[in-house]
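Take a look at the structure set out below.
What follows is calculated from the coordinates using simple rules that are stated; it is not laboratory data. The model shown is predicted, which means the values in this text are computed figures rather than measured ones. Heads up, the Cβs are rebuilt from the backbone with ideal geometry, glycines too, and the neighbour counts pull from every protein chain shown.
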Amino acid sequence: MNTRARWLIISSLVLNVLLVGIIIGHTVKRMEFRERRMERIAVQENVPEAIRKQFHEVMRSVHKENRDLHREAHEARVKALDILVAEPFDEAAYQAQTETLHRLRGEMMQRMADATKTLALSLPPKERSALAEMLKHPPRPPRRWGPPPGDIPPPPPGDAGEPPPL
């Protein structure tokens, strides 16, 4: 057998082994995803419909309240990255900008916690435990095509996400 044929056989075997590894890895990942999805569905089925709706309404209202903070946090992140690449590097400005970013994220989380607390105060103990289960396994956001959320700039001011008029 000449060397060219030998190399073709060896490279074919290596590529086939890689392909089998990719297929097995993808299959395992899908099985894990299905298990988590089934667990999430089971948790949501145990939660009464009224609580689910109330929870989603609260989360939607918090998201609307946090919209301005999201914009500010995005701008703070962009400024921090600009400071990071600027010459000469200004450590104090970068530190101040990252502290601003952390403060904004903290405010958003505090609003979420306050809304959850308000919702929990209105529920009896059994329904609070159902709420806790929902918070352990929150519903997945809908899939979006395109760049990851961190790469999407916020909508322009005055645009609340409504579609343009026809």
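Per-residue extension of 0.36 nm, minus the Cα-Cα distance of Glu99 and Arg60, leaves a gain of 11.3 nm for this segment. Residue by residue, region 5-21 carries 3J(HN,Hα) couplings of 5, 4, 5, 5, 5, 5, 5, 5, 5, 4, 5, 5, 4, 4, 4, 4, x Hz when phi is fed to the Karplus relation 6.51 cos²θ - 1.76 cosθ + 1.60 (θ = phi - 60°); x denotes Gly or Pro. Which of rounded, prolate or oblate describes region 73-135 when judged by the alpha-carbon gyration tensor and an a/c cut-off of 1.5? Taking the square roots of the gyration eigenvalues as a ≥ b ≥ c, region 73-135 is prolate. The phi torsions of region 82-90, fed into the Karplus equation with coefficients 6.51, -1.76 and 1.60 and a -60° offset, translate into couplings of 5, 5, 4, 8, 5, 10, x, 6, 9 Hz, rounded to whole numbers, with Gly and Pro shown as x.
Here is the list for region 49-108: chymotrypsin sites (Phe, Trp or Tyr not before Pro) lying in DSSP coil, each with at most 14 other C-beta atoms within 10 angstrom of its C-beta, are Phe89.
Remark: region 124-136, residue by residue, has Karplus-estimated 3J(HN,Hα) of x, x, 5, 6, 5, 5, 5, 4, 4, 5, 5, 6, 5 Hz, where x stands for each Gly or Pro and the curve is 6.51 cos²θ - 1.76 cosθ + 1.60 at θ = phi - 60°.
Suppose R0 equals 35 Å. What FRET efficiency, 1/(1 + (r/R0)^6) with r the Cβ-Cβ distance, do Arg128 and Glu75 give to the nearest 0.05? If you can, show how the numbers build up before the last one.
Details: r = 37 Å, r/R0 = 1.06.
FRET efficiency, Arg128 to Glu75: 0.40.
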